[in-house]
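The structure appears below as structure tokens.
Read-outs: derived from the displayed coordinates by stated rules, not from any lab. From a predicted model like this one, the values you see are computed outputs, not experimental measurements. Backbone-built Cβ (ideal geometry, glycine too); neighbour counts: all protein chains shown.
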Amino acid sequence: MIFRTTPSRTARPALRRVRTAAALRPLRHRLDPARMEEIPFGTSDGVRLGLTRVDTGDPARPAVLLLHGHTASADMFLLPETRNLVDVLLDEGYEPWLLDWRGSCRLPYNETGRRYTYDDVALYDIPEAVAHIRGRIGERPLFVVAHCIGSLTLSMSLAAGLVPGLAGVVSQGVFLTPKLGGRTSLRMSVAGELLKTRIDHIPVDFRKVGLWSKYTPLFALASRRASCPDPTCQILHNSAWGTGASLFVHENLDGATHDRLAELLGPAPLWILPHLRRIELARSVVRWHDTDHRYRALPPNALDAAARIDTPVLLLAGSENGLWLDSQRLCHEVLAHRQPQLDVSYAEIPGYGHLDTFLGRGAALDVFGHILDFLGGRR
Ligand SMILES: [Zn+2]
């Protein structure tokens, strides 16, 4: 479903009506607002998403779609306080597109909205956004740069053949072979069982939650052995929403980024854990819906269907990834062995964790060059 709005000031009532249906928090960036084209966009299963094109005034540029991780948003590629990926892509002659898929913290679904699984992202959000962009850019090359769950779900879309003909894919953190640390996986199952009876999402903003609430034990657990006094940082850096994993290397963040972590990463829904747990146990991206015919376009196991991937892939990972560990190196090895015909390369960023590969103050120097080299060789 495509929602119709107009940027015209004369049509205010219609605009207001659409926005209140599922409010998208405004993006935070330092680009000229006139260049940010916010495209009203919804999926065929009736979920409103966010789609933004950065207007370059050049109709010949290759397009690059950026996919955020779960509970993050398109804001992770637009940090005003650093040289971010959108800045770098614009300078290098690309046209950036940003999708806020249904797991975005700019949208309400994680906290109060309709529940979903990663099947929905792979089946609806990514292929329909790609189709929409294609309708706008015609025959120009389209790349995708994807982070974390955005990349994991993209791997399912690719293995299903739902996004054919991409010019190339950069996958950060995890792709077809998800592997979580032992401590993380144990806590994920225990915490999921214990907590789902009382709460349905894990917040990250301690200021909103307050000192005494049902969430207090979670924050207390996250603060153990923490070196930073900020509770939001503790629950993300030290505990990754209570799982015990670490999302970034602390010293890689700019102070301003550190202070707005609660804005960059929203609450994590606990009802997604069963699908994540199944994926983690399979060490592969597996479909959740086995009997619902709406999902039969997705393969039961994306790794088994990887021969369908028809685009070059760069697997990126920080050497210190505390959430997905060496999943990307493993993925490179597995694909080299099982699908040697695929064009898959691997690059490891020394001294980087997970989120800091995009949010880090030095990411433009240490990380984005790998992305540009890959895109530049295939544009
Ligand atoms: Zn901190």
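Counting other C-beta atoms within 10 Å, which of 90, 218 has the fewest, and how do the rest follow? Present the calculation step by step, with values, prior to reporting the outcome.
Values: 90 17, 218 21.
In order of increasing Cβ crowding within 10 Å: 90, 218.
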Per-residue ³J(HN,Hα) for segment 160-172, Karplus 6.51 cos²θ - 1.76 cosθ + 1.60, θ = phi - 60°, Hz, x for Gly and Pro: 7, x, 8, 10, x, x, 5, 6, x, 10, 10, 10, 10
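Pulled fully out, how much extra length does the chain show between residue 378 and residue 30, if you take 0.36 nm times their separation in residues and subtract their Cα-Cα distance? Could you put the intermediate results ahead of the total?
Values: separation 348, 0.36 × 348 = 125.28 nm, distance 2.91 nm.
Length gained, residue 378 through residue 30: 122.4 nm.
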Positive-end residue, the chain charge dipole about Cα centroid, Cβ charges, pick of 227, 123, 371: 123
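Determine, for 287, 207, 378, 115, the number of other Cβ atoms within 10 Å of each Cβ, and report the residues in order from fewest to most. Present the calculation step by step, with values, prior to reporting the outcome.
Values: 287 24, 207 9, 378 15, 115 12.
So the residues, fewest neighbours to most, are 207, 115, 378, 287.
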Under 5 Å, built H, 5+ apart or other chain: amide partners of residue 344: 313
Neighbour-count order for 48, 379, 53, fewest beta carbons within 10 angstrom listed first: 379, 53, 48
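Based on the Cα gyration tensor of the chain, what are the three equivalent ellipsoid semi-axes, each the root of five times an eigenvalue, rounded to whole Å and given largest first?
Working: eigenvalues 157, 127, 98 Å².
Ellipsoid half-lengths, sorted descending, are 28, 25, 22 Å.
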Residue 91 versus residue 271: modelled label distance in nm, points set 7 Å from Cα along the beta carbon direction: 4.4 nm
The chain, helix-only ellipticity at 222 nm - DSSP H runs n ≥ 4, -39,500 (n - 2.57), divided by all residues, nearest 500: -8000 deg cm²/dmol
Only Lys, Arg (+1) and Asp, Glu (-1) charged, at Cβ; the chain dipole about Cα centre in debye: 1300 debye
Linear extension gain, residue 337 paired with residue 294, 0.36 nm per residue minus alpha-carbon span: 12.2 nm
Amide H contacts of residue 162 (H built 1.01 Å from N, under 5 Å, at least 5 apart or other chain): none
Amide H contacts of residue 351 (H built 1.01 Å from N, under 5 Å, at least 5 apart or other chain): 319, 320
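What share of Cα pairs, in percent, lie more than 17 angstrom apart in segment 57-116? Mind showing how you got there, number by number?
Details: 823 of 1770 pairs.
Everything past 17 Å amounts to 46 percent.
Place the peptides 303-311, 224-232 in order of packing, highest mean first, counting for every residue the other Cβ atoms within 10 Å and averaging per peptide.
303-311, 224-232
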Cα centroid of segment 243-319 to Cα centroid of segment 125-159, whole Å: 15 Å
Within the chain, percent of DSSP bridges classed antiparallel, to nearest 5: 40 percent
